[in-house]
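The next block holds one structure in the form of structure tokens; read it before the comments.
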Amino acid sequence: VRVITLTTDFGAADWFVGSMKGVILALNPRVQIVDITHGVPAGNLRAAAFALTASCRFFPKHSVHVAVVDPGVGGHRAALAIQTEDYFFVGPDNGVLSVALAREKIRAVFQITNEQLFLKPLSHTFHGRDMFAPVAAHLSKGLPIQNLGPSKKDFVKLDWPQPHRSANSVTGEIVYIDGFGNAITNISHEPLARPAESSGALFAKRRRLCSIKPSYQAVPRQKAVAVPGSSGFLEIAVNGGSAAAKLGLKIGDAVTFRPKAP
Amino acid sequence: VRVITLTTDFGAADWFVGSMKGVILALNPRVQIVDITHGVPAGNLRAAAFALTASCRFFPKHSVHVAVVDPGVGGHRAALAIQTEDYFFVGPDNGVLSVALAREKIRAVFQITNEQLFLKPLSHTFHGRDMFAPVAAHLSKGLPIQNLGPSKKDFVKLDWPQPHRSANSVTGEIVYIDGFGNAITNISHEPLARPAESSGALFAKRRRLCSIKPSYQAVPRQKAVAVPGSSGFLEIAVNGGSAAAKLGLKIGDAVTFRPKAP
Amino acid sequence: VRVITLTTDFGAADWFVGSMKGVILALNPRVQIVDITHGVPAGNLRAAAFALTASCRFFPKHSVHVAVVDPGVGGHRAALAIQTEDYFFVGPDNGVLSVALAREKIRAVFQITNEQLFLKPLSHTFHGRDMFAPVAAHLSKGLPIQNLGPSKKDFVKLDWPQPHRSANSVTGEIVYIDGFGNAITNISHEPLARPAESSGALFAKRRRLCSIKPSYQAVPRQKAVAVPGSSGFLEIAVNGGSAAAKLGLKIGDAVTFRPKAP
């Protein structure tokens, strides 16, 4: 049993995701298909890239990760299939896969051109159904990736903000706001020494926003706190509320982390 | 492994879809259940009919398509099970299945009356769970369709707008607006000669709306275009935006397609 | 084949549910995972408890029901695994499981403490992924529940309103409003004598709201009616409309049921 994951901006109102699943199951009836999310804002490559990055490593080895946020469908963008040490990644060559791939050991990069694998006639507006779904199904059945098309030297990297580290602070920005209103930064908490126990504070808009604590529960209800988030990044939360709403935070806002002097 | 698809107006907030899946899996633990959509506006038979029509043929043969938009539940409407050359269709006899069925080769029409297959007590408000789910599960396991109830001569046809063709134009209307704001018409693009390469224009509200092009990318960003849509119909889009919002289009608006004189 | 159900407030926009499914499938690739709902309002234990209660008994025996509405994650609340005659229930010990459990025959109550089963490092903000998902996967594979941790004497009960019965009426309250706008009360219709055929009326805000009828169809369109709902409780509906919007009903509103004198 193999797993195919789907990350798209197709939403829940229409039949687009269902059609992709129909195509996949017609080729591989036993595959497990998992929705990562279809609630990516239309055309928002960064949101999709972050969702994939935050979740892809929790799936079993050899899973096929398909991401279709594809505003350039029908134009000149290439279609990608990439094999890493643990997974396959399939989607348009527009950067949507690149943030997740930056953490993977890449084994092979191929351009998808083998029309024999596509639905016919290939639509010019829905490659998710006509190209990426059948390609993912074939990969899940063991088709060698080199059968998809020619090898490819490189792929499009999404412009992704990097935090800046100085002697006694790290400055990054908010890159994602989740459904609870938690504001997730691009400051990875792994390099921080024992982050859950570390003390320090997060600053934004020239004021001290909150302390770093191990969990939401470390502060009273409705109070702000920065926690080492489950996606691997420092995250600004309000215990029992929405940090985005309560603190007026939005994607792109700069934040500075200052560890407490020892 | 068989597939059961679900198309409903049950939404994502409640437990209704989950309950149907529980009933199905209790009868057939190995079936693959696929959501086409549960985001049909409450009671909107046309939206459900179109979603089913646009997606049903992408599923493997012998799939069981269940559509439950059922404002007349508990009243006098009949319950239908229909076998076509490739699929089964199950749902209330209120027209929700009829648009998809108009494209299928119908083999047998049955009324669902066999109470032995229903959950007991049969609720008067949720036949999706108590009647259609178990019937679909039984069909997916190979129960002959004639075991569901008596043969039926006919079924309710949804009033579905047909385009009008004249010597040098086709006039139809907008029948669906998808989550991206694309306005899908009832003008099938298959009969158009080489639609993707055809030239011509779409008119609405007495003004020229846009040209026909093979893909969204054929026009600059934020510009309107009509494309041969992935559902088989001409579709009005705005590259990178919402055609419905930008052009003020809504369901029922008349549109006229004029091919370019050769 | 076993079933794991998921009930959460994680929404559809993010990757949280997908991550849980990845963790589950990495441990048990053949399990069937069913979403009951992820649309519970953030932190709303009552809504989640009701969704689970209304749906859990429609799943096959030995299903593992996981409910993660967990505002206290990372704090001192315990984690529960409970075996009943027919099912397993897994989630935080905050009452979210307790309403469903009140109808089950409880066989064993355990606290989840066995760190060997958790993802490492265990996050302090997402036990759904790091603790409850792997525990559910192990239970679905047959791990004895006593391997999860020590036996537990009791668990937190959610404060759930009980209806008051007098000689000729029952007074309860609205406990849930579903996506159609139906207002579901806490008045169970099973003890009512032949509820579907019973006559009587429902009162709210000192006025007569509607009659009890077997189905929505028993009243004209846009008229109010109380029906024996599919979840086992009396439910106030408007045929073809939203009772909540049309009648101004909300959760917590008191309602009184008066059977007609015989």
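Can you run phi through the Karplus equation (6.51, -1.76, 1.60; θ = phi - 60°) for segment B:83-92 and list ³J(HN,Hα) in whole Hz, with x for Gly and Pro?
The phi angles translate into 9, 10, 3, 10, 9, 10, 10, 9, x, x Hz.
Going by amide H atoms built from the backbone, whose H comes under 5 Å of the H on C:Leu209, apart from near neighbours?
C:Leu202, C:Phe203, C:Ala204
Size of the dipole of the protein assembly as shown about the Cα centre, Lys and Arg at +1 and Asp and Glu at -1 on the beta carbon, nothing else charged, in debye to 20?
Computed about the Cα centre, the dipole is about 760 debye.
Taking amide hydrogens as modeled 1.01 Å from N in the peptide plane, which residues meet the under 5 Å criterion relative to A:Val156, leaving out close sequence neighbours?
A:Gly95
Taking the label point as lying 7 angstrom from Cα along the Cα-to-Cβ axis, what are the distances from A:Asn168 to the corresponding position in the remaining copies, in ascending order and in nanometres?
When each copy's label point is compared with this one, the spacings are 8.1, 8.1 nm.
Picking from A:Val238, A:Tyr87, B:Leu122, whose Cα lies most toward the positive end of the charge dipole for the protein assembly as shown (charges on Cβ: Lys, Arg +1; Asp, Glu -1)?
Towards the positive end, the residue furthest out is A:Val238.
Gaussian network model of chain A, Cα springs within a sub-10 Å range: biggest mean-square fluctuation belongs to which of A:Pro121, A:Pro228, A:Pro144?
Result: A:Pro121 has the largest fluctuation of those listed.
Rounding to the nearest 20 debye, state how big the charge dipole of chain B is about its Cα centre with +1 on each Lys and Arg Cβ and -1 on each Asp and Glu Cβ.
The calculation lands at about 820 debye.
List every residue whose amide H lies under 5 Å from the amide H of B:Ala108, counting only residues 5 or more places away in sequence or on a different chain, with H placed 1.01 Å from N in the peptide plane.
Answer set, sorted by chain and number: B:Gln83.
Excluding C:Phe132 itself, calculate the net charge of residues whose Cβ lies under 13 Å from the Cβ of C:Phe132, where each Lys or Arg counts +1 and each Asp or Glu counts -1.
Local charge sum for C:Phe132: 0.
Give the residue from A:Gly149, A:Gln162, A:Ile177 lying farthest towards the positive end of the charge dipole for segment A:59-182; charges sit on Cβ (+1 for Lys and Arg, -1 for Asp and Glu) and the dipole is referred to the Cα centre.
With unit charges placed on the Cβ atoms, the residue in question is A:Gly149.
Can you give the accessible area of C:Leu143 in Å² (nearest 10), computed on protein heavy atoms with a 1.4 Å probe?
Estimated to the nearest 10 Å², C:Leu143 gives 50 Å².
Using a 1.4 angstrom probe on heavy atoms only, work out the carbon and sulfur share of the accessible area of chain A in %.
Here carbon and sulfur together make up 52 percent of the probe-accessible area.
PRE reach from C:Arg206 (point 7 Å along Cα→Cβ): which of segment C:218-262 fall under 16 Å by backbone N?
Of the residues in segment C:218-262, C:254-256 have backbone N under 16 Å from the label point off C:Arg206.
Under a cut-off of 18 Å between alpha-carbon atoms, report the aspartates and glutamates in cross-link reach of B:Lys61, not counting same-chain residues fewer than 8 places apart.
Qualifying aspartates and glutamates at Cα under 18 Å: A:Asp130, B:Asp35, B:Glu85, B:Asp86, B:Glu104.
Suppose every Lys and Arg Cβ carries +1 and every Asp and Glu Cβ carries -1, with no other charges. What dipole size does segment A:153-255 come out with about its Cα centre, to the nearest 20 debye?
So the magnitude is around 420 debye.
A:Arg107 versus C:Lys260, label points 7 Å from Cα toward the beta carbon: distance in nm?
7.3
I'd like the Karplus ³J(HN,Hα) series for segment C:158-170: coefficients 6.51, -1.76, 1.60, θ = phi - 60°, whole numbers in Hz, and an x wherever there's a Gly or Pro.
In residue order, the calculated couplings are 6, 5, 10, x, 10, x, 10, 9, 10, 4, 10, 7, 10 Hz.
Read phi for every residue in segment A:52-67 and hand back ³J(HN,Hα) as whole Hz from Karplus 6.51 cos²θ - 1.76 cosθ + 1.60, θ = phi - 60°, with x for Gly and Pro.
5, 4, 6, 10, 4, 7, 8, 9, x, 4, 6, 4, 10, 9, 10, 10
At 7 Å along Cα-to-Cβ for each site, give me the label-to-label distance between C:Gln116 and B:Asp154 in nm.
Between C:Gln116 and B:Asp154, the label points sit 6.9 nm apart.
Considering only segment B:102-246, what is the antiparallel percent among its DSSP beta bridges, to the nearest 5?
Around 95 percent of the beta bridges assigned by DSSP in segment B:102-246 are antiparallel ones.
From the residues A:Gly11, A:Ala42, A:His189, which one has its Cα farthest along the dipole of chain A in the positive direction, the dipole being from +1 and -1 charges on Cβ of Lys/Arg and Asp/Glu about the Cα centre?
Checked the options; the winner is A:His189.
Along each of its three principal axes, how wide is the spread of alpha-carbon positions in segment B:1-75, in whole angstrom units, largest first?
Principal extents (Cα only, largest first): 31, 26, 25 Å.
Which parts of segment C:40-58 would a label at A:Lys246 reach, counting a residue when its backbone N lies under 18 Å from a point 7 Å out along Cα-to-Cβ?
Backbone N within reach: C:41-45.
How far, in whole Å, is the nearest Cβ of chain A from the axis relating it by rotation to chain B, and which residue carries it?
Per the Cβ-to-axis criterion, the result reads A:Ala12, 4.
For peptide A:24-37, compute the average count of partner chain beta-carbon atoms within 10 Å of each residue's beta-carbon.
6
Considering every residue in B:224-232, what mean count of other chain Cβ atoms within 10 Å of its Cβ is obtained?
4
Counting helices only, and only those DSSP H runs with n ≥ 4, report the 222 nm mean residue ellipticity of the protein assembly as shown as the sum of -39,500 (n - 2.57) divided by its residues, in deg cm²/dmol to the nearest 500.
Result for the protein assembly as shown: -4000 deg cm²/dmol, rounded to the nearest 500.
The values are calculated or read from the model by the stated rules, or taken from the named source; none is laboratory data. These numbers come from a predicted model, not from an experiment. Please note: Cβ atoms are built from the backbone with ideal geometry, for glycine as well, and neighbour counts cover all protein chains shown. Protein only, heavy atoms only, side chains kept; ligands, DNA and RNA dropped before computing areas. Shrake-Rupley method; radii C 1.70, N 1.55, O 1.52, S 1.80 Å.
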